[in-house]
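A.B. asks: Pasting a structure below so you can have a look.
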Amino acid sequence: MKKINIFYILFFIVIIASLSYVGCSEVQDNLVEAPNIDSLHPPGWADTDSPNFHGQYIYDNKQWNLILCQNCHGSNYQGGTAGSSCLTCHTSSGGPQNCRLCHGGASGHSYPPKALNGETSVSYIGVGVHPNHLDSTQYSAEVPCGECHTPLEGGFSSPAHIGNDPDGIADINFGALANTVTTYDGGEFVPNPVWDRNTATCSNSYCHGYFKDGNLDAAPVWTNPESVKCGSCHGDPVTGNPNPIPNGNFFHPHFSNFTINTCYECHGLVINNAGVIIDKTKHVNGVVNFNSR
């Protein structure tokens, strides 16, 4: 009897082992083999001098959101299913999501120049007068990015940044400064800033003349720094004399003999007798700063 029990025990062990082997064999037969990574990208994919360089592919196909890259290389770009880390080459903070990788780069900043296609000329709309607003400001304090673009809450993945269907064109959404309302005895001036991409002009903004005694029709050209000068926002846009002349007439306390070298007599906190802005925080700030204030 004991021998029979041992026989059955061994018999069941053999049956179970056989079934397990067959089961595992079926699972293995259905496994999807790991892709051949080399076959997924064309030659020169990582070569900056190659027409197949992946940066060029991303630009040509407007794939800046990098979703396709993350599908294989992981959401953190450390390898994912591809087993190849993007961070080997993209060593800056954020890896492939580093701001300066796509736009900016000069002096370490993340705004143009350069543009998405590598352009650095001010005459290109993707570059324009970014430096004049942020680096070499002549008339005002540095203008924050959020004054023209929706602030990116959430960084690279913010819906206001690239989105799921990017078109490569920056959205313009004017902030508080451009919409500054100025008041006077009897009324107020309420700006309605408008960006026209076709003409590359900005109009009806406080920053460029939409205020009392300002040039309400001023429309500076984004790709032409010379379209803005002293007198463009208030004064004579042709000569550049900033002495206000609303509707072609001079009104007290401004007189026709005033020039840029006399502004300091009343606005010495802002400008000196050479016509140079000495305190940019007190210019284009929504307030008329007088010497007595």
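Nothing in this text is a laboratory measurement; each read-out follows from the coordinates by a stated rule. Treat the numbers as computed from the prediction; the structure is a model and nothing was measured. Because the Cβ atoms are built from the backbone with ideal geometry, glycine has one as well, and the counts that use them run over all protein chains shown.
A.B. asks: Stretch N224-K280 to full length: gain in nm at 0.36 nm per residue minus the Cα-Cα span?
C.D. replies: Between N224 and K280, full extension yields an extra 18.0 nm.
A.B. asks: Sorted from largest down, what three extents in whole angstroms do the Cα atoms of the chain have along their principal axes?
C.D. replies: So the three principal-axis extents are 126, 44, 30 Å.
A.B. asks: Can you give me the relative contact order of the chain as a percent, contacts being Cα pairs under 8 Å and 6 or more apart?
C.D. replies: Relative contact order for the chain comes out at 9 percent.
A.B. asks: What value, in deg cm²/dmol to 500, does the helix sum -39500 (n - 2.57) over DSSP H runs of n ≥ 4 give at 222 nm once divided by the residues of the chain?
C.D. replies: -5500 deg cm²/dmol
A.B. asks: Compute and list, largest first, the equivalent-ellipsoid semi-axes of the range 175-256 from the alpha carbon gyration tensor, each √(5λ) rounded to a whole angstrom.
C.D. replies: 21, 17, 8
A.B. asks: Classify the range 37-84 from the C-alpha gyration tensor, please: rounded if a/c falls under 1.5, else prolate or oblate depending on whether a/b exceeds b/c.
C.D. replies: Since a/c reaches 1.5 but b/c is at least a/b, the shape of the range 37-84 is classed as oblate.
A.B. asks: Next question, about the same structure. List nothing, just return the count: lysine pairs in the chain, 8 or more apart or interchain, with Cα separation under 28 Å.
C.D. replies: 8
A.B. asks: Under a Cβ-only charge scheme (Lys and Arg +1, Asp and Glu -1), can you give me the dipole magnitude of the chain about the Cα centre, in debye to the nearest 20?
C.D. replies: 720
A.B. asks: Packing-wise, with mean Cβ within 10 Å as the measure, how do 121-131, 266-276 rank, highest first?
C.D. replies: Ranked from most to least packed, the peptides come out as 121-131, 266-276.
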